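Let me begin by presenting the structure, written as structure tokens, before commenting on it.
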Amino acid sequence: MLLATTHKDIVSESADLIYHLMVLLEVKDIPVGEVLAELEGRMK
């Protein structure tokens, strides 16, 4: 179910999601670059 429907709400919820992901990565000592490299590999 999609709760955020307006542009502003989607931007706000996306920021929350990215923030919490960044906190998780920091706690687990996983560089963001490692995640980006994984995504890049999936695009090939």
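Any residue in the range 6-18 that is surrounded by 11 or more Cβ atoms within 10 Å (Cβ to Cβ), of a type in the set (Val, Ile, Thr) and in contact with a helix residue (DSSP H, G or I) (Cβ under 8 Å, 6 or more places away or on another chain)? Checked the range 6-18: no residue is surrounded by 11 or more Cβ atoms within 10 Å (Cβ to Cβ), of a type in the set (Val, Ile, Thr) and in contact with a helix residue (DSSP H, G or I) (Cβ under 8 Å, 6 or more places away or on another chain).
Which one of 39, 3 is touching a helix residue (DSSP H, G or I) at 6+ places or on another chain (Cβ under 9 Å), loosely packed, with under 10 Cβ neighbours inside 10 Å and either modelled with pLDDT under 95 or in a helix (DSSP H, G or I) (or both)?
Details: 39 fails: touching a helix residue (DSSP H, G or I) at 6+ places or on another chain (Cβ under 9 Å).
Step by step, each of 39, 3 is checked, and only 3 is touching a helix residue (DSSP H, G or I) at 6+ places or on another chain (Cβ under 9 Å), loosely packed, with under 10 Cβ neighbours inside 10 Å and either modelled with pLDDT under 95 or in a helix (DSSP H, G or I) (or both).
Among all residues of the range 19-34, there is at least one that is exposed (fewer than 10 other Cβ atoms within 10 Å of the Cβ) and outside any helix (DSSP H, G or I).
The values are calculated or read from the model by the stated rules, or taken from the named source; none is laboratory data. Everything numeric here is computed off the predicted structure, so don't read it as measured data. Cβ atoms come from the backbone with ideal geometry, glycine included; neighbour counts cover every protein chain shown.
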